[in-house]
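Novice: Please find one structure pasted underneath; my questions will follow.
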Amino acid sequence: MNLQIKDIRVDFITGSRRVSNLCWASILLSGALGFCFVGFSSYLQKDLISFLSAEHILFIPQGLVMFFYGIAGLFISFYLWCTILWNVGSGYNRFDKRKKILSIFRWGFPGRNRRILIQFDIRDIQAIRMEVQEGFLSRRVLYVKIKGQQDVPLNRIEEYSTLSEMETEAAKLARFLKISIEGI
């Protein structure tokens, strides 16, 4: 979602609170709980859940390994749920022509550096650069090219589903800042 008022443009960035992350965290949690229940059931020699039979699984070594896989899955699932709860990676890009400042704000992990705010002078922006890599793991990223510094990414890797959507967004931003587009 974008917001543009005469001299100010704000592009909102979606963080970890995406449907895909919710699906993966749920799948991982249910799988990890299944492994834990089967491992624990093999220890008790009794089925705790009727559709997860553990009667043919010996506790040592199979049941113990399944239980440890379940615990590892629970830790990874806990990490994913925390990033979703904290909405890590969300924020905004604010282009302010009045103050001549580009502000990039992102939420990080809790702690002293939870709020990440980077500011650049708009006059130092040389161009908008598009990076596109097609294939199995396609990558479409918009960068701001700044004098004397590394290119700064403006979006998530998977934000743009089509090339034309990315080109349209780059053209709008370049038109707003009155700069050129590089790439492709």
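Read-outs: derived from the displayed coordinates by stated rules, not from any lab. This is a predicted model, so every value here is computed, not measured. Here the Cβ positions follow ideal geometry from the backbone for every residue, glycine too, while neighbour counts run over all protein chains shown.
Novice: Enumerate lysine pairs in the chain that are 8 or more residues apart or on different chains, then count those whose Cα atoms are under 30 Å apart.
Specialist: 23
Novice: Sticking with this structure for a sec: Can you tell me the relative contact order of region 20-86? Whole percent, Cα pairs under 8 Å, sequence separation 6 or more.
Specialist: Across region 20-86, relative contact order equals 42 percent.
Novice: Residue by residue, what Karplus-based ³J(HN,Hα) values in Hz, rounded to whole numbers, does region 124-130 have, using 6.51, -1.76 and 1.60 with θ = phi - 60° and x for Gly and Pro?
Specialist: Along region 124-130, the couplings run 8, 6, 8, 6, 9, 10, 9 Hz.
Novice: If one computes the Cα centroid of region 122-184 and of region 22-43, what distance in Å separates the two points?
Specialist: Distance between centres, Cα-based: 41 Å.
Novice: Now for a different question. Would you please name the trypsin sites (Lys or Arg not before Pro) within region 133-174 that are DSSP coil residues with at most 14 other C-beta atoms within 10 Å of their C-beta?
Specialist: Within region 133-174, the qualifying trypsin sites (Lys or Arg not before Pro) (loop, at most 14 other Cβ atoms within 10 Å) are LYS147.
Novice: Taking Cα atoms, how many degrees apart are the long axis of helix 163-177 and the longest axis of the chain, rounded to 10 and kept between 0 and 90?
Specialist: On a 0 to 90 degree scale, this one is about 40.
Novice: Tell me the mean residue ellipticity at 222 nm calculated for the chain from its helices only (DSSP H runs of n ≥ 4, each -39500 (n - 2.57), averaged over every residue, nearest 500).
Specialist: Roughly -12000 deg cm²/dmol at 222 nm, from the helical runs in the chain.
Novice: Now for a different question. Determine ³J(HN,Hα), in whole Hz, for all residues of region 77-87 in sequence, where each value follows from phi through the Karplus function 6.51 cos²θ - 1.76 cosθ + 1.60 and θ = phi - 60°; x replaces Gly and Pro.
Specialist: Computed from phi, the couplings for region 77-87 are 5, 4, 4, 4, 5, 5, 5, 5, 4, 7, 6 Hz.
Novice: Let me ask another. With +1 on each Lys and Arg Cβ and -1 on each Asp and Glu Cβ, how big is the dipole of the chain about its Cα centre, in debye rounded to the nearest 20? Show your work: numbers first, answer last.
Specialist: Values: 24 positive and 16 negative charges, 242 e Å.
Roughly 1160 debye, rounded to the nearest 20.
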